[in-house]
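> Sharing a structure, written as structure tokens. Questions coming.
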């Protein structure tokens with residue numbers, strides 16, 4: 001998996017020159033994921049950050065190590081994220097303390113034990129970052 005940290009460069013390479021081009025491009029979700037990953041790393045300032053994947057196809061967009069905790073992050077450009085087999089595998093195999101699912105919505109809610117759905121825009125609010133990192137889902 002390749003993530004472009006600079007969404008402007010990605011858009012240029014894909015020939016995306018306008019907002020309409022972006023919203024009609026088949027790679028809009030990949031663009032959003034890359035942007036969400038970059039914003040997450042900037043906002044949460046982890047000690048270490050990794051992509052995780054298995055030979056069986058399970059994936060996790062970000063495995064963050066911060067202050068001795070393992071935090072998983074999935075970026076989903078959907079209105080209502082769902083729990084996936086990959087998320088379950090990551091939670092168990094990596095022994096995550098919590099899994100955060102970032103999405104473009106406006107409501108925070110628990111999806112399952114130790115799994116929280118969080119609007120991406122909350123990363124821009126320093127007062128909410130502590131809550132994101134300490135939430136038990």
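Laboratory data are not the source of any read-out in this text; all were calculated from the coordinates shown. Owing to the predicted nature of the structure, the values given are computational and were not obtained by experimental measurement. Every residue, glycine as well, gets a Cβ built from its backbone with ideal geometry; the counts of neighbours run over all protein chains shown.
> In nm, to one decimal, how far is the modelled label at residue 82 from the one at residue 50, with both set 7 Å along Cα→Cβ?
Each label point is offset 7 Å from its Cα along the Cβ direction, giving 2.9 nm.
> Antiparallel as a % of all DSSP beta bridges within segment 62-137, to the nearest 5?
Around 45 percent antiparallel, to the nearest 5.
> If you restrict to DSSP beta bridges whose two residues both lie in the chain, what percentage is antiparallel, to the nearest 5?
In the chain, DSSP labels about 55 percent of beta bridges as antiparallel.
> Quick check on segment 25-100: take the gyration tensor over C-alpha atoms, sort the square-rooted eigenvalues as a ≥ b ≥ c, and tell me if it's rounded (a/c under 1.5), prolate or oblate.
It is oblate, given that a/c is not under 1.5 and a/b is not larger than b/c.
> In segment 32-61, which residues have a backbone nitrogen under 11 Å from the label point lying 7 Å from residue 17's Cα in the Cα-to-Cβ direction?
Correct set: none at all.
> Also, quick follow-up: Take the alpha carbon atoms of segment 1-61, find their center, do the same for segment 75-131, and report the distance between the two centers in whole angstrom.
One Cα centre to the other: 16 Å.
> Quick one, which of [x] 1.22; [y] 1.04; [z] 1.31 is the actual Cα Rg over 2.2 N^0.38 Å calculated for this model?
Entry [y].
> Efficiency by 1/(1 + (r/R0)^6): what FRET value for residue 114 and residue 42, r their Cβ-Cβ distance, R0 = 25 Å, to the nearest 0.05?
0.55
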